[in-house]
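Visitor: Sharing a structure below in structure tokens format, with a few things to ask.
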Amino acid sequence: WFDLANNPILGSQLAYNHEELQTRVDRSYQQFNHEQNAVYDAVMESVNSGNSRMFFIHSAGGCGKTYLCNTIAAAVRSQGHIALCVASSGIAALLLEEGRTAHSHFKIPIPAHENSVAGITQ
């Protein structure tokens, strides 16, 4: 799985210009409001410390959730890590950089039943 030469999916997830991404992150961070800064800092603290956590970002439409998520993904990728951007709908996935629907990315069956299993592997 971790053999980059034989895993084009993994290779594409790691083939970013880290300096370019970090420049974009720095610029975006300066434009965040107080709440966006707090969320960004909490997520990145979790990433940098290696503590696995789950975050749910909720607010009204037009408040900058997509902008925040794209910036977090860029920050994670700028450090050489993999960030998978998934959404519940195709329209929402289009707004995320390298975004896909959760059903597509994790092979969640449609329709999902009580005993359905997603195709998530490590």
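Visitor: Consider A87 against the criteria (1) out of contact with any helix residue (DSSP H, G or I) (no Cβ under 6 Å at 6 or more places or on another chain); (2) farther than 27 Å from E19 by Cβ; (3) not hydroxyl-bearing (S, T, Y): it satisfies all of them except one. Which criterion is unmet?
Guide: With (1) out of contact with any helix residue (DSSP H, G or I) (no Cβ under 6 Å at 6 or more places or on another chain); (2) farther than 27 Å from E19 by Cβ; (3) not hydroxyl-bearing (S, T, Y) applied to A87, the lone miss is (1).
Visitor: Which residue, of A118, A93, A102, is of a type in the set (A, V, I, L, M), without any contact (Cβ under 8 Å) to a residue 24 or more places away in the chain and more than 22 Å from V39 (Cβ to Cβ)?
Guide: A118
Visitor: Still on this structure, I have one more. I'd like to verify a number: residues in region 14-30 that are touching a helix residue (DSSP H, G or I) at 6+ places or on another chain (Cβ under 8 Å) and among the polar types (S, T, N, Q), how many?
Guide: Result for region 14-30: 2.
Visitor: For region 92-102, how many residues meet the condition of being part of a helix (DSSP H, G or I) and either at pLDDT below 90 or in contact with a Gly (Cβ under 9 Å, 6 or more places away or on another chain) (or both)?
Guide: 3
Visitor: Looking at A15 and the list (1) without any contact (Cβ under 8 Å) to a residue 12 or more places away in the chain; (2) under 17 Å from C69 (Cβ atoms); (3) surrounded by fewer than 13 Cβ atoms within 10 Å (Cβ to Cβ), which single condition is not satisfied?
Guide: (2)
Visitor: Checking the structure you have, find out if any residue of region 59-82 is farther than 24 Å from S12 by Cα, in a helix (DSSP H, G or I) and either out of contact with any Lys or Arg (no Cβ under 7 Å at 6 or more places or on another chain) or touching a residue at least 24 places away in the same chain (Cβ under 8 Å) (or both).
Guide: Yes - at least one qualifying residue is present in region 59-82.
Visitor: Are any residues in region 34-91 exposed (fewer than 12 other Cβ atoms within 10 Å of the Cβ), charged (D, E, K, R) and modelled with pLDDT of 90 or more, and if so, which ones?
Guide: E45
Visitor: Here's another thing I want to ask about it. Within region 7-27, track down each residue that is part of a helix (DSSP H, G or I) and not charged (D, E, K, R).
Guide: Listed by number, the residues that qualify are P8, I9, L10, G11, S12, Q13, L14, H18, L21, Q22, T23, V25.
The values are calculated or read from the model by the stated rules, or taken from the named source; none is laboratory data. Values in this document were obtained by computation on a predicted structure and should not be read as measured data. Every residue, glycine among them, receives a Cβ derived from its backbone with ideal geometry; neighbour counts consider all protein chains shown.
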